[in-house]
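Okay, structure first, notes after.
The values are calculated or read from the model by the stated rules, or taken from the named source; none is laboratory data. Keep in mind that what you see is a predicted model, and the values were worked out from it rather than measured. We place every Cβ from the backbone using ideal geometry, glycine too, and count neighbours over all the protein chains shown. The area values use the complete protein model at the heavy-atom level, side chains included, leaving out ligands, DNA and RNA. Shrake-Rupley method; radii C 1.70, N 1.55, O 1.52, S 1.80 Å.
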Amino acid sequence: MSDDIEDTAIVSLRDITDEDELREALSVLGGSDPEHCSYTKGYVKRQAVFACSTCTPTGVDPGGLCLACANICHDGHDIFELYTKRQFRCDCGNDKFGDFNCQLNPTKDGVNLKNKYNHNFCGKYCSCDRPYPDADDQVDDEMIQCIICEDWYHTRHLGCAVVDSEELQEMVCEACMNTAPFLWSYAAHIAAAPVIKVGHSGEELEVNVDELENQEDRKCEAFRNGGEGSSCQTLDKQPENRSAAFKRTHQEMTDSPVKTHGCRLKELPTGGPHRAREGAVFWPYNWRSKLCTCVSCKRAYVKAEVQFLLDESDTVLAYENSGRAQLLGEDRLMSFLSSLDHVQQLEMIYHYNDLKTELTTFLQQHAVEDKVVTAEDIEQFFEGLQSRKRGRPNAGY
């Protein structure tokens, strides 16, 4: 969560300081309707979800809210964000909330049987089961969400060193890897190489396992060619499918996988690198497209309850990209700008940046005052903006 639980929701914009953070915050809510309860849409593939500690405090059966219900039905309550959840249906006003009725959709079933809940709904996170933010935790540590259980983990509790790479997109915690053990076979060939800590003169150093193996391979090659240096202890090792398997070109990351009629899992090289089955695993872009889709493997996904891994639109990245497009209309804006001449483009960009500046100021003011942004607030903002526009010279464009 790297401070994301507080930073990514429009109802809690306390720490937004620049345009990039504003974009990130709005992108999480871009795919969610702020005025209409999402319950009528059924179990939504992915949406922003909230919890109300006023209505469902610790010790009570947990429940989750959609964006609209958090803003409208639970206005003035103690609300906290859960970032996004998959296949979730809004609980507001059902049996979990007792006599409390949903203002937007009062005719809901008593229970949403397919919803999944964890300790996040009680304000606890990670294997340490601590709140976030945690006033008693003096360690400056970010949190990362597992894409399977959707719990958030401190990086120091992942059982591995965090891999820092722009190619990486998703993380699966060790517990979820063991729930779907076939993922370990893919991890040895697709995922980021594990980083281990080795002691040296009283200090700890982080070392990439693949890099160590590559260094040993180079020593072996020099030894075979009669060069000087240490003797080779891995002459019969096969160097393929090591770090090169992770260093891909942009084209390789975006191209569709080669169609095959066999089982991709069974076709993975048996002489490849060995990977210990411990610690969280970090996966690169497009890794889901490399999973086998044969009948046998599909059954394994269903049995492990991870069939969503075959859906590349399930990712948080896909959801956020969709949210940005819906909320900010960037694609439509760029298409429209391309149809204008240079002078018109400059004029339009000026007004766009002016709107963006005023919107940022408006949201930051609500954040400082710890107020929820309602539909009425947005309407008043644009009415004021239109009024100020009419008062400017040459504002008719």
Just need a number here: residues in the stretch 152-172 that are open to solvent by less than 60 Å² (accessible area, probe 1.4 Å), of a type outside the set (Gly, Ala, Ser) and assigned to a loop (DSSP other than H, G, I, E, B).
-> 5
Of all residues in the stretch 354-381, which are among the hydroxyl-bearing types (Ser, Thr, Tyr) and part of a loop (DSSP other than H, G, I, E, B)?
-> 374
State all residues of the stretch 90-142 that are under 18 Å from residue 48 (Cα atoms) and of a type in the set (Lys, Arg); if no residue qualifies, say none.
-> 114, 116, 124
Given (1) within 28 Å of residue 158 (Cβ to Cβ); (2) at pLDDT 75 or above, where does residue 1 come up short, assuming only one miss?
-> (2)
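Would you pick out the residues in the stretch 35-90 that are among the β-branched types (Val, Ile, Thr) and more than 20 Å from residue 313 (Cβ to Cβ)?
The answer is 40, 54, 56, 58, 60, 72, 79.
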Per the filter on the stretch 273-296, residues more than 19 Å from residue 147 (Cα to Cα) and not small (Gly, Ala, Ser) are 273, 274, 275, 293, 294, 295
Near pairs, Cβ below 9 angstrom, 6+ apart or cross-chain, from the stretch 36-50 (in a loop (DSSP other than H, G, I, E, B)) to any residue that is open to solvent by 10 Å² or more (accessible area, probe 1.4 Å) and of a type in the set (Gly, Ala, Ser) | 37/93
Filter the stretch 361-384 for residues that are out of contact with any Leu (no Cβ under 8 Å at 6 or more places or on another chain) and small (Gly, Ala, Ser); the one that is farthest from residue 77 (Cα to Cα) is 384
A careful count of residues in the stretch 76-93 that are without any contact (Cβ under 8 Å) to a residue 60 or more places away in the chain and touching a helix residue (DSSP H, G or I) at 6+ places or on another chain (Cβ under 9 Å) gives 7
Quick check, is residue 92 buried (at least 18 other Cβ atoms within 10 Å of the Cβ) and touching a Leu at 6+ places or on another chain (Cβ under 8 Å)?
-> yes
Within the stretch 104-138, count every residue that is surrounded by 15 or more Cβ atoms within 10 Å (Cβ to Cβ), over 17 Å from residue 152 (Cα atoms) and not charged (D, E, K, R).
-> 4
What number of residues within the stretch 71-130 are assigned to a helix (DSSP H, G or I) and acidic (Asp, Glu)?
-> 1
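Would you list the helices (runs of 4 or more DSSP H) that sit entirely within the stretch 268-348 and hold 2 or more residues that are open to solvent by 50 Å² or more (accessible area, probe 1.4 Å) and either hydroxyl-bearing (Ser, Thr, Tyr) or at pLDDT 90 or above (or both)?
Those helices (runs of 4 or more DSSP H) span 295-303.
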Looking only at the stretch 142-151, decide whether some residue is within 30 Å of residue 41 (Cα to Cα), without any contact (Cβ under 8 Å) to a residue 12 or more places away in the chain and either open to solvent by 30 Å² or more (accessible area, probe 1.4 Å) or assigned to a strand (DSSP E or B) (or both).
-> no
